[in-house]
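Quick notes on the structure that follows.
Throughout, read-outs are computed from the coordinates displayed, never taken from laboratory work. Predicted model, so just to flag it, every value in this text is computed and none were measured. Neighbour counts run over all protein chains shown; Cβ positions are idealised from the backbone, glycine included.
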Amino acid sequence: MIYTIKVWLFTVIISPLLLALILGVIINNSSFNSILSSYEIVFVMILVGLISSIPAMVIFGLIKQRLKNKVSDLKEKIILSFYSFLSVWITFYIVDNEFITRWSEQTIWVLIYSLTIVIGVWIFKFPKDELIE
């Protein structure tokens with residue numbers, strides 16, 4: 001459970017920050033100060049991310065629980081990475097199914113969130129004595 005929460009919080013906090021930097025500085029050519037002044041938008045993105053990712057993270061936790069001690073840590077992380085990547089795309093598809101057919105800033109959102117959650121899967125270690133309730 002602790003591992004799932006770490007990956008979840010990492011994704012919903014880091015992704016909006018990366019998005020603000022990438023969309024602001026690189027794509028929209030905004031100044032760093034204007035990006036810092038848009039902290040309210042980042043806060044809303046974090047809240048929306050927390051809420052909209054609950055179903056995907058519940059399934060993530062169930063998959064993790066099911067795989068525990070049945071496959072190696074490497075295989076478990078590969079499976080969780082694959083699921084995580086797909087779950088982000090599915091969540092965004094449910095919100096706006098046309099983002100796949102057109103290139104837009106929303107496509108960058110999906111890429112950032114997908115990569116961030118996969119990075120989260122790999123940077124956090126599985127607790128050896130994690131309690132399953």
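Rounded to the nearest Hz, the phi-derived 3J(HN,Hα) couplings of region 52-61 under the Karplus curve 6.51 cos²θ - 1.76 cosθ + 1.60 (θ = phi - 60°) are 6, 9, 4, x, 5, 6, 5, 5, 4, x, where x marks glycine and proline.
Highest average first, the peptides 45-55, 6-16, 68-78 ordered by how many other beta carbon atoms sit within 10 Å of their residues are 6-16, 45-55, 68-78. Multiplying the residue separation of SER72 and ILE119 by 0.36 nm and removing their Cα-Cα distance gives an extension gain of 15.1 nm.
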